[in-house]
Amino acid sequence: MSTRARTQAMTSGNRTLYRVQTVLRTWIWLGIFAVLAILTLIAAGLLRLVAPPLSIAALALGGLVAFVVPGMVSRCLYIIPEFERAVVLKMGKFVGVRGPGKFWVVPYPPFYQSVAAKLDTRVQTRVITAAETLTADNVPVGCEAVVFWRVEDPERAALRVQNYAEAVFQAANSALKDTVGTLELSDLLGKRDKVSEQLEQIIDAAAASFGVDVSSVEITDIHVPTDLIQELSVLAQSRRAAQAKVAEAEAEKIIAQKLQEASSLMEAKAMEMYRLNVLERIGREEGSQIVIYGLGSSDAQMERTIAAATAGSLSGQPRTQKPPQSPPPPNRPKA
């Protein structure tokens with residue numbers, strides 16, 4: 001929605017809210033006008049019996065008063081909604097804050113009162129932008145944030161600063177640039193919550209002098225150069241790969257330590273039984289094939305027995321040794 005559209009929507013909303021004030025002012029005007037008109041007619045009728053020329057003057061004067069006085073009285077009535085406050089002055093000096101609801105402000109003697117301003121006390125938002133600001137590590141970035149604020153002290157907001165909304169915007173914009181300049185890019189990207197809290201404290205301290213309370217500041221976007229994004233992506237991938245290798249090495253180290261502890265507790269025969277148990281579990285899988293080169297044991301006969309049994313299981317039947325055949329006799333040449 002454009003600024004013009006928002007302004008029109010707010011204007012139409014204010015007209016709806018102030019309709020009660022308009023109706024009451026109209027009824028007051030009609031009531032006073034009716035009373036003054038009746039009094040004028042009565043006075044003109046009495047003067048007509050005593051002095052006819054004076055009755056005409058009284059009728060003209062009474063008609064003028066009947067039209068002017070109701071408007072002067074009805075304009076003194078104010079009705080403002082719950083979220084607004086009115087700053088009232090007397091002879092140019094502050095006398096109080098009125099509202100919400102119905103109240104009278106009489107500008108005529110001896111009151112001499114006037115409404116200096118009507119302020120909206122609801123929470124409002126403002127987008128602030130810090131474009132092309134250098135961080136502490138000399139990286140140009142653009143930063144956007146949203147400031148949530150409200151008028152806390154109507155007297156200060158109306159009398160201490162000319163435009164409190166613009167003052168909040170300028171203070172927030174300056175604080176955002178200063179904060180970005182004191183942080184490194186990694187802190188700005190990874191610690192948005194802390195940066196938002198720091199911004200809130202700085203802006204709130206500046207806005208408190210003119211009656212505005214900053215409730216929160218939220219960083220919405222950070223614009224980083226494209227080439228720098230690619231470099232950061234490569235750097236992050238390298239760090240993740242290095243961390244994965246370190247984690248894998250740590251796991252292998254732990255496994256090696258556990259295996260070393262287990263081997264120190266187990267004797268030679270227990271180790272052999274453990275290895276056979278592992279081979280037996282592997283052999284349960286269908287289509288598995290086990291080739292044994294040696295178990296590292298000092299018992300050579302056991303190794304030969306296991307190897308022979310494994311070879312026999314692969315062929316499905318035990319192998320038999322064929323008797324050695326003598327080589328055929330060499331062919332002798334005939335005489």
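The values are calculated or read from the model by the stated rules, or taken from the named source; none is laboratory data. Just so it is clear, the structure is predicted and the values come from calculations on it, not from any experiment. No Cβ is skipped: glycine too gets one built from the backbone with ideal geometry, and neighbour counts run over all protein chains shown. Areas reflect the complete protein model, heavy atoms only, side chains present, ligands, DNA and RNA absent. Shrake-Rupley method; radii C 1.70, N 1.55, O 1.52, S 1.80 Å.
For the stretch 97-112, the candidate set comprises residues that are open to solvent by 60 Å² or more (accessible area, probe 1.4 Å), out of contact with any helix residue (DSSP H, G or I) (no Cβ under 9 Å at 6 or more places or on another chain) and aromatic (Phe, Trp, Tyr); within that set, the residue that is nearest to Leu159 (Cα to Cα) is Tyr112. Of the helices (runs of 4 or more DSSP H) lying entirely inside the stretch 172-270, those carrying at least 1 residues that are farther than 30 Å from Val123 by Cα are 185-190, 226-265. Residue count for the stretch 148-182 satisfying the condition of being open to solvent by 30 Å² or more (accessible area, probe 1.4 Å), within 21 Å of the chain's Cα centre (by Cα) and among the hydrophobic types (A, V, I, L, M, F, W, C): 2. Name the residues in the stretch 38-84 that are assigned to a strand (DSSP E or B) and either open to solvent by 60 Å² or more (accessible area, probe 1.4 Å) or of a type in the set (A, V, I, L, M) (or both), would you? Selection gives Leu77, Ile79, Ile80. Only a single criterion out of (1) modelled with pLDDT under 90; (2) part of a strand (DSSP E or B); (3) open to solvent by 70 Å² or more (accessible area, probe 1.4 Å) is not satisfied by Phe94, namely (1).
To keep it simple, each residue is scored yes or no on (1) at pLDDT below 85; (2) open to solvent by less than 60 Å² (accessible area, probe 1.4 Å); (3) under 23 Å from Thr135 (Cα atoms); (4) hydrophobic (A, V, I, L, M, F, W, C).
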| residue | (1), (2), (3), (4) |
| --- | --- |
| Glu197 | no, no, yes, no |
| Ile202 | no, no, yes, yes |
| Val217 | no, yes, yes, yes |
| Ala236 | yes, yes, yes, yes |
| Ala262 | yes, yes, no, yes |
